[in-house]
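Comments concern the structure below.
The values are calculated or read from the model by the stated rules, or taken from the named source; none is laboratory data. Keep in mind that this is a model prediction, so the values were computed, not measured. Methodologically, a virtual Cβ is constructed for each residue, glycine included, from the backbone with ideal geometry; neighbour enumeration extends over all protein chains shown. Side chains included, ligands, DNA and RNA excluded: accessible areas come from the protein's heavy atoms. Shrake-Rupley method; radii C 1.70, N 1.55, O 1.52, S 1.80 Å.
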Protein chains: 6
Amino acid sequence: DFNNALQEVQPAFGAALFELFSCRVNGMLDCGEKHKHVQETAMTLVEQVRKSDRTALLTCLLEGPPGSGKTALAATIAIESEFPFIKIISAENMIGYSETSKCSLIAKVFEDAYKSPFSIIILDDIERLLEYVNIGARFSNVVLQTILVLLKRLPPKGRKLMVLGTTSMSYVLDSMDLVSAFNVKLGVPNLRPPDMKKVLEGLGVFAKRDLDDVVEALDEEIPIKKLLMLVEMAAQGNQDDDAEDVYAGKRKIDKNYFMECLQDLA
Amino acid sequence: DFNNALQEVQPAFGAALFELFSCRVNGMLDCGEKHKHVQETAMTLVEQVRKSDRTALLTCLLEGPPGSGKTALAATIAIESEFPFIKIISAENMIGYSETSKCSLIAKVFEDAYKSPFSIIILDDIERLLEYVNIGARFSNVVLQTILVLLKRLPPKGRKLMVLGTTSMSYVLDSMDLVSAFNVKLGVPNLRPPDMKKVLEGLGVFAKRDLDDVVEALDEEIPIKKLLMLVEMAAQGNQDDDAEDVYAGKRKIDKNYFMECLQDLA
Amino acid sequence: DFNNALQEVQPAFGAALFELFSCRVNGMLDCGEKHKHVQETAMTLVEQVRKSDRTALLTCLLEGPPGSGKTALAATIAIESEFPFIKIISAENMIGYSETSKCSLIAKVFEDAYKSPFSIIILDDIERLLEYVNIGARFSNVVLQTILVLLKRLPPKGRKLMVLGTTSMSYVLDSMDLVSAFNVKLGVPNLRPPDMKKVLEGLGVFAKRDLDDVVEALDEEIPIKKLLMLVEMAAQGNQDDDAEDVYAGKRKIDKNYFMECLQDLA
Amino acid sequence: DFNNALQEVQPAFGAALFELFSCRVNGMLDCGEKHKHVQETAMTLVEQVRKSDRTALLTCLLEGPPGSGKTALAATIAIESEFPFIKIISAENMIGYSETSKCSLIAKVFEDAYKSPFSIIILDDIERLLEYVNIGARFSNVVLQTILVLLKRLPPKGRKLMVLGTTSMSYVLDSMDLVSAFNVKLGVPNLRPPDMKKVLEGLGVFAKRDLDDVVEALDEEIPIKKLLMLVEMAAQGNQDDDAEDVYAGKRKIDKNYFMECLQDLA
Amino acid sequence: DFNNALQEVQPAFGAALFELFSCRVNGMLDCGEKHKHVQETAMTLVEQVRKSDRTALLTCLLEGPPGSGKTALAATIAIESEFPFIKIISAENMIGYSETSKCSLIAKVFEDAYKSPFSIIILDDIERLLEYVNIGARFSNVVLQTILVLLKRLPPKGRKLMVLGTTSMSYVLDSMDLVSAFNVKLGVPNLRPPDMKKVLEGLGVFAKRDLDDVVEALDEEIPIKKLLMLVEMAAQGNQDDDAEDVYAGKRKIDKNYFMECLQDLA
Amino acid sequence: DFNNALQEVQPAFGAALFELFSCRVNGMLDCGEKHKHVQETAMTLVEQVRKSDRTALLTCLLEGPPGSGKTALAATIAIESEFPFIKIISAENMIGYSETSKCSLIAKVFEDAYKSPFSIIILDDIERLLEYVNIGARFSNVVLQTILVLLKRLPPKGRKLMVLGTTSMSYVLDSMDLVSAFNVKLGVPNLRPPDMKKVLEGLGVFAKRDLDDVVEALDEEIPIKKLLMLVEMAAQGNQDDDAEDVYAGKRKIDKNYFMECLQDLA
Ligand SMILES: Nc1ncnc2c1ncn2[C@@H]1O[C@H](COP(=O)(O)OP(=O)(O)OP(=O)(O)O)[C@@H](O)[C@H]1O
Ligand SMILES: Nc1ncnc2c1ncn2[C@@H]1O[C@H](COP(=O)(O)OP(=O)(O)OP(=O)(O)O)[C@@H](O)[C@H]1O
Ligand SMILES: Nc1ncnc2c1ncn2[C@@H]1O[C@H](COP(=O)(O)OP(=O)(O)OP(=O)(O)O)[C@@H](O)[C@H]1O
Ligand SMILES: Nc1ncnc2c1ncn2[C@@H]1O[C@H](COP(=O)(O)OP(=O)(O)OP(=O)(O)O)[C@@H](O)[C@H]1O
Ligand SMILES: Nc1ncnc2c1ncn2[C@@H]1O[C@H](COP(=O)(O)OP(=O)(O)OP(=O)(O)O)[C@@H](O)[C@H]1O
Ligand SMILES: Nc1ncnc2c1ncn2[C@@H]1O[C@H](COP(=O)(O)OP(=O)(O)OP(=O)(O)O)[C@@H](O)[C@H]1O
Ligand SMILES: [Mg+2]
Ligand SMILES: [Mg+2]
Ligand SMILES: [Mg+2]
Ligand SMILES: [Mg+2]
Ligand SMILES: [Mg+2]
Ligand SMILES: [Mg+2]
């Protein structure tokens, strides 16, 4: 029934770019030096795949804390590669699938990729694809084994494939020998104070003079996801304010109100 | 068969409000400052979902001891949002369902919600949805993974979704990475003495002069559920009394008889 | 197939009373103060269910050592309630059932109960319904989850339901959060010397002058089940005696022969 | 499919006695005081079942080391009861049965027994019926639960049932609450020196003068099964001897050859 | 489906002897005193089965380190018994069988044996029949239980059966109560220096004067399997030598080359 | 369904050589003394199989760290044997197969091999065939048992079979008794400094004068796989360089750029 499943799953080239853009809904902001270095290294690898005859397969793992921007980064790399085949494999598209169907879909994407001269496959949130849970360390070994094999299987002659994995549980993947199965590992960190400042400047939602106070009020490090959510809440204001005014630059966020929101969520 | 199941499950908009009201059978009483603060914070989040273009999905977990009023609170928030789509997902409606059917029903509710501009979904008693039991830490990983993914999947463009979870086992959910999957966590506490007094005043079942003695006889903290059950027993009286007279204000509960009931259940 | 099962299981109102009486084959004896207090408290709860509009559901657990008389007590309470619907759910009637069929039957009994204005359901020997075994702490989680949910689900408007559970493993049920799912817990103890004397007097099988010696020969506490079995053996006598003569009052048990039986079983 | 199985299993009254006799192929020997006392106590219980109106069900467990003669004793008790229904439930007759079919067969035997006024059921080698193995403490919980329930279920009015269990793993059964499910427990011990002498005298295979030396050469205690096997080997003799001559009394076993056999098997 | 399987499995009397001989491809060599004693004891048991009317079933376990010659020994005993029915049950003939089919085949062989007046069944490499693996101590309990029962089930009247088991994991079998299920246990050891010398003399592949040096170069004990493999490698020689010349006695093995081979495999 | 599977799997002789060559895409380089010794020893074993009448089956395990060149070595040995049947069994060709189908395919390859006078089967990456994962030490016992049996089953008379296994988890295989199931074990090590120098010389991508500095910059030992990947990255150069120029000898790798790449991947 694996083979049947393989037939039934249709390629979804058309939807691919759309899916990738939806991982970066509000565009990409400058997140500081470390994020930039990761992105540049990854683009060098893209070039290696594009040019080197001896690199038929190159696998790269982006790992870092939850909400640090791994998926957005992977999507950006894939988009900028301009490879003819790019595809994201995510648990979001497999709700209700059996383990076998998941394997089937994953294998199908690789088979599709092998037909294109240059391809990028994103294995997003690998712990979720594996249905991993800490209690009892449960997960789908069938999916794991499929991924372990696919990460090492060479594409047919003349085809080039780059695989980008993302995970916020690299210690778990490591104990499954899944980290060492990747050629390259790159760490995507949380934002440090200078990075936070860059992001907030990029958004332009605070008055210049408030920026340092705001950053100081935050933790030593914070995931970009949480920072954006905080800004969102504060932009909302107490009563009849319109958040869009803030993003449109018509109004700045009240520093004190931001501090209150911060407290509420702590 | 997941997809079949998805077809078969019919939306139940009509029944929704009725179900929510049945979570608060005898209306809502004033439970003191902390309950009030939780409710207000949640209503702010409701506003954020209603107004902010950048908040397509907002997930909030109400956690607290058994019987502390979490479900009643979630129902109240949902009702007061006046969102066009509100739905409670509860184990009560899934007796005898297989794990797959449960996932199917849950996914179906989310799919239905995506069709409405503004929706609230209550995931009630998440440990029960997961069929969790402490012995052996057993639970349905299939349901867990489905919830983990749905809590992060963005609704389609232009749709807004708020998810309200309730649990009295947040430490368990935490070890499943399910707590951190929510944007916001709010604690619903047991009643402290001043809160108990407020609730008893609200009910009007004791003579004013007895209130302090009654509260003093109770534990340092008590779930509202247990307090209401105690009042119920005491209102019943020993023999031929009619409990309704008490609630109608025609008769007050005998303080001593209340103390006896308290002892019997200790 | 759960739903099919639900159809196939036919209500069994007719057999109900018969089943309950068979739990107390030889009538009820006076077992002393504690048993009496438990019975009286339970009858007060029955009255609350009968009268209070706000008590649609009341759940009560009878727990105590094996053979202490829990099932007989639950049956007595149910019979004396004179509620129109009374039903015992026991593993005895489910030999060879699959876990799903058990859930189905249990749910079916509750559905039937919801149709009667006043109902009592006895969940007898809950550890047996759960197929619990200490080695490996195995049990049916499906049955457990079904019971957990049913113990909290309110009957439809205007219907009243009392659930009486029995168990001799309350520590196990507690670690499944099944004890706290009951509104009220009542302990059914083994017989202490004064209680034993009462039971033996009630049976009238010993000469008055022997009673104290007999009680003294017994352990500090003893389940009523074991006491009745001992009497039975001793009533039998060594050879051609007829036990019925003893119960009919024609003959008394020989104190010394009773002591011998006691030794044999120790 | 349990119910189907129930239909298919045919009662086997005819074969019953034959099966029981095959448990004691070479007749019963005097095994000393303890064996005798166990047998007598068991026969008293048989009488209680036969005569007492209040004893509808009596369950008795014979437990002791492997090969100590439990099955032979149970068979003897059943045969001597002269009850119209006697039946042995043994794993030997269930090779290749699924767990469900085993339950079905076991339940079927009880159902058959309920139709007879007086019945004895032997549950032989209960750990084997349960498919118990020490590694991982694996066993069939389905069979266990079926037995636990059947051991407590009363036969219909007017029917009398005695259940005789045997086991050499009572500590295992105890941790399954299966020992306490029996009304009476009786221990069948290995042979001690005086018992060995009785058995060897009964067989008449040694010269009188050799008996004490032979017994002294044996361990402090020995299962009757092993003693009989040793005698068998020694009776065989080294070369062209005929073992039957020994049993027929024509020849005695050579003491020294017996000692050699003993050494070989140690 | 067990019964179906039972039908389908055809008896394989014809192939039996062939299979046994293939366990001793190159004939039997003298392996020293201990091997000889084991073989003699086993042949005495064969005689007991043949002659004694009271020994309908005799079970004997050959246990020893891997490659020590257990299977070859069992085959030799069976062949020399000249019993009309001899059969080896080995995992080699059950590749791809389900657990149930394995049980079915095993039971079938016993059923076939019961039809012959004298039979020998070899249960070869019992840990392999059980699919045992040390990690997690996994194995097929269904197969284990089948074997446990068959080892104790008496053949029909007038039939004689000897069962020869082999294992190199007797400590594992012991923790399954499988060792004590055999009437007799015999240990097949590795070769000690004098035994090695006997084997090498028997092969005649070394010059007489080299024998002691060769034996001294070997470990304190060695399985015959490993010794034969070493000889084989050394007989091969470095280049264009023909190993058959060595076995045919035309050439002797170069002692030094043998030492090199020994080092390579250490 | 195992047998059905057996039918359906078609032999794939034609593809065999192609598959083996794809394990050594860019030809074989001199990897130093230890690799050479392993290869020579293996070729001696090939000769033994070819020539010795008594060696019908010879099994050899190549074990060493990940990426150390085991598969390439096994492929080379098989190719150089010039045996008429050579076949690699690898998880790559079994994605989506059930455990049973895997066993079926593996058994099928052995059956095919038995038809050829001389055969080599490569069991590549045995831990992957077993679907082994460290967490919970999960693996397919069905596949394991099949391999354990096949590694010991003799081919039919006149057929010769060599089995080459590869693994980077010999400690795991050892705890499954899978290592001792092989006749011979050979270790394939990582590259040490002199070996690295040999490989880099063989590639000719560095200027002679840089070689020692480059080797010194590397770790004490490194898998050949990682060394080749590093060279590949460095050959790529920063911008518009063409890696092929390097391999073609037109350009040498910039030592400093190589050091940078080394740092990026550390
Ligand atoms: N550079 C960026 N500029 C703007 N928004 C960003 C950037 N990086 C991430 N985001 C946004 O932050 C949120 C979190 O990012 P993302 O989902 O990529 O993180 P993640 O590390 O993949 O999280 P998770 O651990 O949950 O998978 C998303 O809404 C994303 O659109
Ligand atoms: N503010 C309130 N006013 C009146 N009744 C309330 C209030 N809050 C809760 N209740 C009542 O108290 C009982 C317990 O409340 P609820 O079921 O919401 O608690 P919970 O925390 O969800 O309990 P559980 O842990 O069992 O899920 C219900 O009968 C509910 O109707
Ligand atoms: N008050 C009583 N008067 C007379 N007989 C009684 C009384 N209570 C219990 N019995 C009898 O004692 C025996 C054990 O009682 P019962 O089965 O109710 O105990 P239990 O606590 O439910 O036991 P278990 O733990 O096995 O479920 C039964 O035969 C019952 O009829
Ligand atoms: N009293 C006796 N007289 C003669 N033979 C006996 C006697 N008791 C047992 N035996 C014989 O001894 C052997 C072992 O007895 P039995 O099978 O009853 O022991 P067991 O305790 O049931 O063993 P197991 O633990 O294996 O079930 C049998 O062959 C039986 O016929
Ligand atoms: N006495 C002997 N003379 C000649 N060859 C022998 C002798 N005993 C064993 N062999 C050979 O040695 C090898 C190993 O013997 P065998 O398979 O019987 O050992 P084993 O103990 O059963 O091994 P395993 O533990 O793998 O099952 C076989 O090739 C067998 O033919
Ligand atoms: N001697 C060699 N000359 C040239 N390339 C080699 C040599 N040995 C290995 N390689 C190459 O190095 C890479 C790794 O080799 P291979 O796959 O054989 O290693 P492995 O030990 O089997 O790895 P794994 O542990 O992942 O199975 C392959 O690309 C292979 O082609
Ligand atoms: Mg992500
Ligand atoms: Mg709730
Ligand atoms: Mg009871
Ligand atoms: Mg027995
Ligand atoms: Mg063997
Ligand atoms: Mg490899």
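Just from its helices, what would the mean residue ellipticity at 222 nm be for the protein assembly as shown, if runs of 4 or more DSSP H residues each count -39500 (n - 2.57) and the sum is divided by every residue, rounded to the nearest 500 deg cm²/dmol?
Here the helix-only value at 222 nm equals -14000 deg cm²/dmol.
For the range E:124-136, take each phi angle, set θ = phi - 60°, evaluate the Karplus expression 6.51 cos²θ - 1.76 cosθ + 1.60, and give the result in whole Hz per residue in order, putting x for glycine and proline.
8, 6, 4, 4, 6, 4, 7, 6, 6, 9, 4, 4, x
Near the amide H of D:Leu123, under 5 Å away, which other amide H atoms are found, from residues 5 or more places off or on another chain, if H is placed in the peptide plane?
Result for D:Leu123 returns D:Ile89, D:Leu164, D:Gly165, D:Thr166.
Counting alpha carbon pairs within less than 8 Å and at least 6 residues apart, what relative contact order, in whole percent, applies to the range A:100-217?
Once divided by the residue count of the range A:100-217, the mean separation gives 26 percent.
Quick one: accessible area per residue over the range E:192-258, 1.4 Å probe, rounded to a whole number of Å²?
Roughly 52 Å² per residue, with all protein chains present.
Show the residues, 5+ positions off or on another chain, whose built amide H is closer than 5 Å to the amide H of A:Thr59.
A:Val163, A:Asn183, A:Val184
Would you jot down the residues in the range D:42-81 that end up with at least 50 Å² less accessible area in the complete protein assembly than in the chain alone, with a 1.4 Å probe?
Residues losing area: D:Gln48, D:Lys51, D:Arg54.
In whole percent, what relative contact order does the range F:199-266 give with Cα contacts below 8 Å and a gap of six or more residues?
For the range F:199-266, the relative contact order is 40 percent.
Each label point is 7 Å from the Cα along the Cα-to-Cβ direction; what then is the distance between the points at F:Asp245 and C:His37, in nm?
Here the answer is 9.7 nm between the modelled labels.
So, counting K/R as plus one and D/E as minus one, what does the shell of residues with Cβ under 13 Å around C:Pro194 add up to?
Summing Lys and Arg as +1 and Asp and Glu as -1 gives -3.
Ignoring ligands, DNA and RNA, what accessible area per residue does the range E:1-160 give at 1.4 Å, in Å²?
Averaged over the residues of the range E:1-160, the accessible area is 40 Å².
Can you tell me the relative contact order of chain F? Whole percent, Cα pairs under 8 Å, sequence separation 6 or more.
Relative contact order comes out at 25 percent.
Compute the distance from the alpha-carbon center of the range F:75-148 to that of the range E:34-61, in whole Å.
42
Sorting A:Arg251, A:Arg50 by accessible area (1.4 Å probe), largest first, what list results?
So the residues, ranked largest to smallest area, are A:Arg50, A:Arg251.
Using θ = phi - 60° and the Karplus curve 6.51 cos²θ - 1.76 cosθ + 1.60, what whole-Hz ³J(HN,Hα) does each residue of the range E:172-186 get, with Gly and Pro shown as x?
Here the 3J(HN,Hα) series is 5, 4, 5, 6, 9, 6, 8, 5, 6, 6, 8, 5, 9, 10, 10 Hz.
By per-residue mean of other Cβ atoms within 10 Å, what is the highest-first order of C:63-69, A:151-157, C:231-237, D:243-249?
The most tightly packed comes first, giving C:231-237, C:63-69, D:243-249, A:151-157.
Which order do you get for C:Asp53, B:Asp242 if you rank them by accessible area with a 1.4 Å probe, largest at the top?
Listed by decreasing accessible area, they come as C:Asp53, B:Asp242.
Taking amide H atoms as placed 1.01 Å from N in the peptide plane, list the residues 5 or more away in sequence, or in a different chain, whose amide H sits under 5 Å from that of C:Phe118.
Here C:Phe85, C:Lys160 satisfy the definition.
Once you place label points 7 Å from the Cα toward the Cβ at C:Ser180 and E:Lys252, how far apart are they in nm?
8.5
Determine the dipole magnitude for the range B:38-91: charges of +1 sit on the beta-carbon of Lys and Arg, -1 on that of Asp and Glu, nothing else is charged, the reference point is the Cα centre, and the result goes in debye to the nearest 20.
It works out to roughly 140 debye.
Loop only by DSSP, 16 or fewer other Cβ within 10 Å of the Cβ. Give me the GluC sites (Glu not before Pro) in the range A:76-116 that pass, ordered by residue number.
Answer by residue number: A:Glu82.
Using the Karplus equation 6.51 cos²θ - 1.76 cosθ + 1.60 (θ = phi - 60°), what ³J(HN,Hα) coupling, rounded to whole Hz, does each residue of the range B:259-264 give in order, writing x for Gly and Pro?
Karplus-based 3J(HN,Hα) across the range B:259-264 equals 4, 4, 4, 3, 5, 4 Hz.
Can you pull the percent of the protein assembly as shown's accessible area that's carbon plus sulfur, 1.4 Å probe, other chains left in place?
49
Please report, in whole Å³, the volume per residue of the convex hull around the C-alpha atoms of the range F:33-176.
That works out to 109 Å³ per residue.
Chains F and A: how much accessible area gets covered up at their contact, both sides added, probe 1.4 Å, in Å² to the nearest hundred?
About 2700 Å² of accessible surface is lost on pairing.
Take the Cα of A:Glu221, step 7 Å along the line toward its Cβ, and report every residue of the range A:60-79 whose backbone nitrogen sits under 15 Å from that point.
In the range A:60-79, the label zone of A:Glu221 (backbone N under 15 Å from the point 7 Å along Cα→Cβ) covers A:63-70.
Explain nothing, just the number: dipole magnitude of the range A:35-191 about its Cα centre with +1 on each Lys and Arg Cβ and -1 on each Asp and Glu Cβ, in debye rounded to the nearest 20.
Result for the range A:35-191 is approximately 500 debye, rounded to the nearest 20.
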